[in-house]
Amino acid sequence: MKSQVCKVKKFIKMNPSQLLVLVFVVSISVGTCVLKLPFSTHEEIKWVDALFISTSAMTVTGLATVDPATTFTTFGQFIIAVLIQVGGLGIMSFAVLIYMMVGKKIGLKERLVMQHALNQTSVGGIIKLVKYLFVFSITIEMIAMIFLSIRWVPQFGWTKGLFFSFFHSISAFNNAGFALWSDNLMQYVGDPLVNIVISILFIIGGIGFTVLVDVWKKRKFKKLSLHTKLMIIGTLIINIVAMLFIFCLEYSNPETLGHFALKDKLWASYFQAVSPRTAGFNTIDIGSMDETTLFFIIILMFIGAGSGSTGGGIKLTTALIIALATISFLRGKNDIVILKRTINTSFLLKALAISMISIVFVILGILLLNLTERDASFIDIMFEVVSAFGTVGLSAGLTVTLSSVGKQLIIFIMILGKLGPLTLMFSLATPSKEKIRYPEEDILTG
């Protein structure tokens, strides 16, 4: 009895990062068991594949070692959609919703866990943010489902058409990248409705919930917070640059854009430009792209989406802060100033920590996967690791050929990418503040 009490006390004393990791791992385990059930699949799959799909869905990545379109029954696909929704909006968000529904008081500990889960700077207004998050998400997904059904109900009939619309609206908004066709969305490469609806969903989902709430409340650009302004401007610039880059590099490639008419080339370039930072959907064969294009997409996947969004990566604002700090240093300025606002140095330190830890984990992942997947090319291995870390879900064709050890490695990288390097590090370490301040001294750099 005493030992059980001690275990409960230890659980209660867990810091928010540790609790978040624990709940996430338990959720993935439950999803794995359900996907392994006989009526979830058309034929039996290995435990490691069930674990891989469950992890990929919960981390809203989209990588798959088996084909979701042909391997899973409608029930199995529905479970994948549920895992995507829970993983995208956050398991702790659902916990808070249940707390509110049963009338329980949400204490400081729950708010701190929510703060970590949604990557917020304070606990103030966190419950209101969760309410906005649910209402907005469900509304957007329902509207998207209606638009997608215009295309798929006539093509597949009411039952299958509505289910496909339901599944892909959830998958797209939560930036999962799962599709119910073996070639993802390649058959809709020039379809304006599918391209527009799917891309709008994952762009909105990837820009960050705090940005959406800020835009909804303030409406005018001048009144928006600096974070919101940076996300909007940064997203527009990086998407336009990426589209032009992919269009030029793949224009004559006969295996990607080369055989398309100009209209379809533009649609394909647009879709492949906006997808890598967040979603993982594709309308052309990623494995047939030029290596230069693949490396460019790797950079986009590493940068990732916005803070507090359904996407992964180091986050766009993290990359922007480091870039702005570099520009300020080169111009001989001590402060980081953007849009008439000075960015606190502590945010730069956090951005550097996130980037450095992420680079270390990605390099380790590449090294280990290089040992387990001897027959794969280096660019495919790098692409796979960064895609898993950025919870993107794009693959150059390596996922389905992964060894058992390789699958387990990618599973860990997906969890790391979803929870974030700092969350994982904080869950393992005990933070402490220095009580003594030492004298400063210069060192030579550069």
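So between Leu367 and Gln408, what do we pick up on full extension, going 0.36 nm a residue minus the alpha carbon distance? Before the final figure, lay out the partial values.
Values: separation 41, 0.36 × 41 = 14.76 nm, distance 1.45 nm.
Computed gain between Leu367 and Gln408 is 13.3 nm.
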Original post:
Once both labels are modelled 7 Å past Cα along the beta-carbon direction, what's the Cys33-Trp181 spacing in nm?
Top reply: 3.7
Subject >> Around Gly312: net Lys/Arg minus Asp/Glu count, Cβ-Cβ under 10 Å >> reply: +3
**OP:** Could you work out how far apart the two model spin labels at Asp264 and Thr159 are, taking each label as a point 7 Å from the Cα in the direction of the beta carbon, and quote it in nm?
**Re:** 3.3
Original post:
Restricting attention to the stretch 316-404, which trypsin sites (Lys or Arg not before Pro) occupy a DSSP loop and are surrounded by at most 15 other Cβ atoms within 10 Å?
Top reply: Arg331, Lys333, Lys340, Arg374
Subject >> Amide H contacts of Ile336 (H built 1.01 Å from N, under 5 Å, at least 5 apart or other chain) >> reply: Ile343
**OP:** Starting from the amide H of Thr41, placed 1.01 Å from N in the peptide plane, find each other amide H under 5 Å away whose residue is 5 or more places distant or on another chain.
**Re:** Thr73
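Leaving out ligands and nucleic acids, and using a 1.4 Å probe, what accessible area per residue does the stretch 257-300 come to in Å²? Don't skip to the end; give the middle numbers.
Details: 1430 Å² over 44 residues.
On a per-residue basis, 33 Å².
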**OP:** Would you tally the net charge around Phe378, using a Cβ to Cβ cut-off of less than 12 Å, leaving Phe378 out, and scoring K and R as +1, D and E as -1?
**Re:** -4
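Take the alpha carbon gyration tensor of the stretch 169-250, find the square roots of its eigenvalues, order them as a ≥ b ≥ c, and report rounded if a/c is under 1.5; if not, report prolate when a/b exceeds b/c, else oblate.
Numbers: a/c = 2.80, a/b = 1.59, b/c = 1.76.
Oblate, because a/c is 1.5 or more while a/b does not exceed b/c.
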Original post:
How large is ³J(HN,Hα), in whole Hz, for each residue of the stretch 135-143 in order, when computed from phi with the Karplus curve 6.51 cos²θ - 1.76 cosθ + 1.60 and θ = phi - 60°, using x for Gly and Pro?
Top reply: 4, 5, 4, 5, 4, 4, 5, 5, 5
**OP:** Starting at the first residue of the stretch 203-219, write each ³J(HN,Hα) from the Karplus equation 6.51 cos²θ - 1.76 cosθ + 1.60 with θ = phi - 60°, in whole Hz, x for Gly and Pro.
**Re:** 6, 5, x, x, 7, x, 5, 5, 5, 4, 5, 4, 5, 5, 6, 9, 6
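Summing +1 for each Lys or Arg and -1 for each Asp or Glu, what net charge is found among the other residues whose Cβ lies under 13 Å from the Cβ of Ala50?
Details: positive: Lys36, Lys46, Lys407; negative: Glu43, Glu44, Asp49.
Summing Lys and Arg as +1 and Asp and Glu as -1 gives 0.
Percent of accessible area on the stretch 30-91 owned by carbon and sulfur, 1.4 Å probe? Let's see the in-between values first.
Details: 1500 of 2160 Å².
C and S atoms contribute 69 percent here.
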Subject >> Arg219 versus Val23: modelled label distance in nm, points set 7 Å from Cα along the beta carbon direction >> reply: 3.5
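The values are calculated or read from the model by the stated rules, or taken from the named source; none is laboratory data. Just so it is clear, the structure is predicted and the values come from calculations on it, not from any experiment. Because the Cβ atoms are built from the backbone with ideal geometry, glycine has one as well, and the counts that use them run over all protein chains shown. We work out accessible area using only protein heavy atoms, side chains counted, and drop any ligands, DNA or RNA first. Shrake-Rupley method; radii C 1.70, N 1.55, O 1.52, S 1.80 Å.
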